[in-house]
């Protein structure tokens, strides 16, 4: 219960409020307002200091009082002059009149001032104006008459009326001055009250700022301690992570060294060797890594090496490029490379896998798929694929070509008389004769059994007939020795010519040559028909 009260106590609420992140922006605005209020307060204080240094002394009241006093003195002096008839008193009377005239002249110079009390008292102004005119008249009479006694007598007789009116003016000025003083005090009270409120607001703002600074200082201390703790934890994690990375790096190095694939990491521009595994070193015939290694120097074909690097720089990686590497001891390898960035520098990451045995196997399988096992000539499928390429080339370049269909005469009789081994020996002998008497560019294929086909590119009909006749004679002159007997064989040949201006295909050409072969068989065998 106590902790709950503490949690929701006013002091705790105030502290939480002061810690608000939005309060910082509010305090910035408050500081700006405090500066403005301070300037206003300074201005008010300056005005009050100015008012105090020039206190309102009721100038009009002071003047009219002095005028009344001087008029009273003038009255006494005029009575004294009438009684004594002393010339010195006339001189004093003239001086008194000049003093009064000067006082009334000062009042007259201020009569148009808006701040003058007399400005708001027209009756008092009229009395003073009448007095000024009377004083000027008496001064003139006293200065220009031969009988000053008469002027003194006139002053003593009429000054009483002026004194009575002047008393009313003095009273009116005093009353107006009192009212004006009251207004001044009220205004001063209002300004001082405003100043008090401003100072109170400044005090509150300063108090909030001080509390905010104290709380921020405490928060900064706590944050510093927290950051120190976090820094220690981070250093510990970094150290542990660095150790793990080092261990992982060593493990990766061990795995790559034990890998049967070749792997290397070299600088893209400098060729600096950053890593090379033991398998690649063994392939290179080295015990220690070289200082530099450029990937293109690993490939036997320099053109392929340049193409490999161009593709790597263009696309950032190359996958499964089969090429011969190690010029000193070449072998086929599947190369993969990637362009990576190591410590701000570009590098080539290479890994390779020996595919020599795989290529040998693929070559063997391809040979088995395309070659007749007995004669090592093209089989039917391979002959069709190679022949179609020749036909397409002839069509494109408008060249002629010819096709020969060959068949061993009475082959069944050979098998029945001398055995199947002798038949196979006859077929092999015929394949040797074909290879010996034909060009390398000619396509030879065993179409099945004892039937063969030969495609002669860039050959016209006459050349084809000559070649066919040469083959027929070579076969007829050949003697075949089996295990038990010696025998001979003959050959029937049908020829057909391909016209590049037609839409003829290899299949149609084979049909035409087969028909010619059939006619050769019908005509008695051991002959050439076109």
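Tabulated data for the structure shown
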item: Single match in 459, 478 (criterion: without any contact (Cβ under 8 Å) to a residue 60 or more places away in the chain and surrounded by fewer than 18 Cβ atoms within 10 Å (Cβ to Cβ)); result: 478
item: Region 282-312, subset in contact with a strand residue (DSSP E or B) (Cβ under 7 Å, 6 or more places away or on another chain) and assigned to a helix (DSSP H, G or I), residue nearest to residue 271 (Cα to Cα); result: 295
item: Some residue of region 344-365 being buried (at least 16 other Cβ atoms within 10 Å of the Cβ), touching a strand residue (DSSP E or B) at 6+ places or on another chain (Cβ under 8 Å), in contact (Cβ under 8 Å) with a residue 12 or more places away in the chain and assigned to a loop (DSSP other than H, G, I, E, B); result: yes
item: Boolean, residue 17 is modelled with pLDDT under 70, surrounded by fewer than 15 Cβ atoms within 10 Å (Cβ to Cβ) and in a helix (DSSP H, G or I); result: yes
item: Selected residue (only one of 212, 221 is surrounded by fewer than 15 Cβ atoms within 10 Å (Cβ to Cβ) and farther than 30 Å from residue 103 by Cβ); result: 221
item: Odd one out for residue 448 among (1) in contact with a helix residue (DSSP H, G or I) (Cβ under 6 Å, 6 or more places away or on another chain); (2) exposed (fewer than 14 other Cβ atoms within 10 Å of the Cβ); result: (1)
item: Selection from region 313-331 of residues that are in contact (Cβ under 8 Å) with a residue 12 or more places away in the chain and outside any loop (DSSP other than H, G, I, E, B); result: 313, 317, 318, 319, 320, 321, 322, 323, 324, 325, 331
item: Pairs with Cβ under 7 Å, 6+ apart, first in region 497-508 and under 13 Å from residue 396 (Cα atoms), second exposed (fewer than 13 other Cβ atoms within 10 Å of the Cβ); result: 500/398
item: Strands (runs of 3 or more DSSP E) wholly inside region 375-469 that include at least 1 residues being modelled with pLDDT under 90; result: 443-448
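One line per residue, one yes/no per condition, for (1) closer than 25 Å to residue 65 by Cβ; (2) modelled with pLDDT of 75 or more; (3) assigned to a helix (DSSP H, G or I); (4) within 60 Å of the chain's Cα centre (by Cα):
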{"residue": "139", "(1), (2), (3), (4)": "yes, yes, yes, no"}
{"residue": "146", "(1), (2), (3), (4)": "no, no, no, no"}
{"residue": "155", "(1), (2), (3), (4)": "yes, yes, yes, no"}
{"residue": "165", "(1), (2), (3), (4)": "yes, no, yes, no"}
{"residue": "174", "(1), (2), (3), (4)": "yes, yes, yes, no"}
{"residue": "178", "(1), (2), (3), (4)": "yes, yes, yes, no"}
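Residue-wise test of (1) at pLDDT below 75; (2) in a loop (DSSP other than H, G, I, E, B); (3) surrounded by 16 or more Cβ atoms within 10 Å (Cβ to Cβ).
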residue	(1), (2), (3)
57	yes, yes, no
67	no, no, yes
79	no, no, yes
93	no, no, yes
98	no, no, no
112	yes, yes, no
123	no, no, no
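The values are calculated or read from the model by the stated rules, or taken from the named source; none is laboratory data. Please read all numbers here as calculations on a predicted model, not as lab measurements. All Cβ positions, glycine included, derive from the backbone under ideal geometry; neighbour counts span all protein chains shown.
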